[in-house]
Amino acid sequence: MIGQLIFDNRFVQELPADSEAENYRRQVMQACYSFVSPTKVSSPTVVAYSTEMADTLGFTEQDCQSGQFAKVFVGNEVLEGMQPYAMCYGGHQFGHWAGQLGDGRAINLGEVVNAEKQRWALQLKGAGPTPYSRTADGLAVLRSSVREFLCSEAMYHLGVPTTRALSLILTGEEVVRDMFYDGRPKAELGAVVCRVAPSFIRFGSFQIFSSRGEVDLLRKFVDYTIRTDFAYLLKQSEPLGKEVYIKWFEQVCKLTAEMIVHWQRVGFVHGVMNTDNMSIMGLTIDYGPYGWLDDYNPDWTPNTTDAGERRYRYGQQPQMALWNLVQLANAIYPLIGEAEPLQQALNVYNHTFDKGWNRMMANKLGFKEFNLDTDTELCQELLALLAEVETDMTIFYRKLAVFEVESVVGCFTDEQLLEPISEAWYRLDALTEDYKVRFAVWIRKYILRLQNEAVLQVDKVKQMNRVNPKYVLRNYLAQLAIDKAEQGDFSMINELLEVMRNPYDEQLEHAQYAVKRPEWARHKAGCSKLSCSS
Ligand code: AMP
Ligand code: MG
């Protein structure tokens, strides 16, 4: 029952609030958050909800279909026990310190403790202005909300650490957006997503206090974070202090590295890896102009705002995460007072990433172990081949599983070796004879490498299909669902939600969602490029 949720709002109970109660844009000093109420809207309509997330919170189907669900998760009804607030944080945007940012259009409702005693913070995105809204309106449009809702749940089912989404609700209000900042503003449908996560704390949450010299507050905030979300690092009655802080930072480095390995595995490009969009728990957070690689192109970013520098391109995500961790290290430096242990913790990032990447590639290719002597080169050769001509990343790895461990390479012609993966190429006429020869050479090497380990074909296929998804939330698929939703047809949102529940399964009845990006989507807005406007 929605009304019976149990709240335990540690964030507001343990951390200092902004003393100003009025909701107007301002710099908020010496405080971690401001109390603020969601803005009421005229006619909430539930577009979709995640049954898994609902279930985790203890809601039945009936609860989710009730009028109260729509009211509560659009922000029209504040339940007893909720204490709505917006967080204060700062951040580096595209490499530059931007000062105070904060929850400009996110309002936290409180922390639910569910039947399993898990703590889940609920947050409405697009529920109206807060003191941190700066020059913007605090609202969100349907298109970006569909993208956030679907991708959060798709990532969860792919096994990528992420914030979750409970619901997607139309507000009944219009929101004006200039999607490509080209002076052509348009009225769009307003929507609110209820996001759910153990914590919404970001790197920028620590940076803001440090940048202002609010060291006591910084310490309080770090202590709070460790006690609440990293309690497993603490030995019994261990006092908090330098040693624990270092251990904690090391853990943040490790979790971040693991998250990035997952992004690289599934071909996810976040698009805006600013430090305010980096979760302290290593969760993927803030789904804005993100995208999925169709063709494997390490230089690709979906974000038009970043089109010049391509700072956050797929191939650079690992380095950017490290850059962000360096900023976090700088922010907590006042609590540590020496650089050396922080540097060592940053090395943990590199080490975890390298090891994780090798392991991930071994899994993707169907090897039991990553063999440093042979596999680094084999992977590099493969990635260079994939990038050389347009090759669909998802289809390629999925198809790679068909190569038989028992094959006798000498029995096959080049054509025969290339046939199983040919579906992954976007333009067969772009393949030169030389390229085909080189790829066939690689496949021969690959099959021989498979034979170095005693693995059964069936086991290998199973292993590969557990890490190489058949279904990802391709950019054009999300866009098709949005186009329909804007016409009042929400069926494709729910269909995609359903397909993305089992991304590693064949689901032959849904095979149309596993095909390459169609030609019409190559340059279409929303399918290949997106802006921060949302
Ligand atoms: P982002 O890069 O989208 O994560 O957003 C950067 C900052 O801008 C954050 O502080 C957001 O809360 C804020 N922001 C983004 N869109 C809006 C909006 N429509 N209204 C108010 N604040 C916003
Ligand atoms: Mg953000």
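The values are calculated or read from the model by the stated rules, or taken from the named source; none is laboratory data. Remember, it's a predicted structure, so these values are computed and weren't measured experimentally. Reconstructed Cβ throughout: ideal geometry from the backbone, glycine too, with neighbour counts over all protein chains shown. Only protein heavy atoms, including side chains, enter the accessible area calculation; ligands, DNA and RNA are left aside. Shrake-Rupley method; radii C 1.70, N 1.55, O 1.52, S 1.80 Å.
Worth pointing out:
- A residue that is under 22 Å from T228 (Cβ atoms), at pLDDT 95 or above, buried (at least 23 other Cβ atoms within 10 Å of the Cβ) and away from ligand 1 (no atom under 11 Å from the Cβ) occurs somewhere in region 111-122.
- Filtering region 77-107 to residues that are in a strand (DSSP E or B), away from ligand 1 (no atom under 12 Å from the Cβ) and in contact with a Phe, Trp or Tyr (Cβ under 7 Å, 6 or more places away or on another chain) leaves only Y85.
- With respect to the conditions (1) surrounded by fewer than 22 Cβ atoms within 10 Å (Cβ to Cβ); (2) more than 14 Å from ligand 1 (Cβ to nearest atom); (3) farther than 27 Å from G99 by Cα, L166 falls short on a single one, namely (1).
- Filter result for the condition that a residue is more than 16 Å from ligand 2 (Cβ to nearest atom), in contact with a Gly (Cβ under 9 Å, 6 or more places away or on another chain) and not aliphatic (A, V, I, L, M), over G213, G291, G241: G291
- Complete set of residues in region 140-163 that are within 16 Å of ligand 2 (Cβ to nearest atom) and either surrounded by fewer than 21 Cβ atoms within 10 Å (Cβ to Cβ) or not in a helix (DSSP H, G or I) (or both): A140, V141, T162, T163
- A98 being within 13 Å of ligand 2 (Cβ to nearest atom) and in contact with a His (Cβ under 7 Å, 6 or more places away or on another chain): yes
- For region 105-139, the candidate set comprises residues that are aliphatic (A, V, I, L, M) and under 18 Å from the mean Cα position of the chain (by Cα); within that set, the residue that is nearest to ligand 2 (Cβ to nearest atom) is A106.
- Test: S528 is touching a strand residue (DSSP E or B) at 6+ places or on another chain (Cβ under 7 Å) and open to solvent by less than 30 Å² (accessible area, probe 1.4 Å): no
- Here T432, T391, T376, T413 are screened, and the one residue that is open to solvent by less than 80 Å² (accessible area, probe 1.4 Å) and in contact with an Asp or Glu (Cβ under 7 Å, 6 or more places away or on another chain) is T391.
- Being in a loop (DSSP other than H, G, I, E, B), within 19 Å of the chain's Cα centre (by Cα) and not assigned by TED's automatic domain parsing to the domain that holds Q380 is a property that holds for D286.
- For region 442-473, the set of residues classified as out of contact with any helix residue (DSSP H, G or I) (no Cβ under 8 Å at 6 or more places or on another chain), charged (D, E, K, R) and either touching a residue at least 40 places away in the same chain (Cβ under 8 Å) or open to solvent by less than 50 Å² (accessible area, probe 1.4 Å) (or both) consists of E453 only.
- Taken together, I493, I482 contain a single residue that is in contact with a Gly (Cβ under 8 Å, 6 or more places away or on another chain) and farther than 16 Å from L365 by Cβ, which is I482.
So that you can scan it fast, the table gives a plain yes or no per residue for (1) among the aliphatic types (A, V, I, L, M); (2) open to solvent by 50 Å² or more (accessible area, probe 1.4 Å):
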{"position": "A440", "(1), (2)": "yes, no"}
{"position": "Q487", "(1), (2)": "no, yes"}
{"position": "E498", "(1), (2)": "no, yes"}
{"position": "D505", "(1), (2)": "no, yes"}
{"position": "A511", "(1), (2)": "yes, no"}
{"position": "R517", "(1), (2)": "no, no"}
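- Taking region 19-36 as the range and being open to solvent by less than 80 Å² (accessible area, probe 1.4 Å) and in contact with a Pro (Cβ under 7 Å, 6 or more places away or on another chain) as the test, the residues that pass are N23, R26, V28, A31, C32, S34, V36.
- Condition check for H270: in contact (Cβ under 8 Å) with a residue 24 or more places away in the chain and within 16 Å of ligand 1 (Cβ to nearest atom): yes
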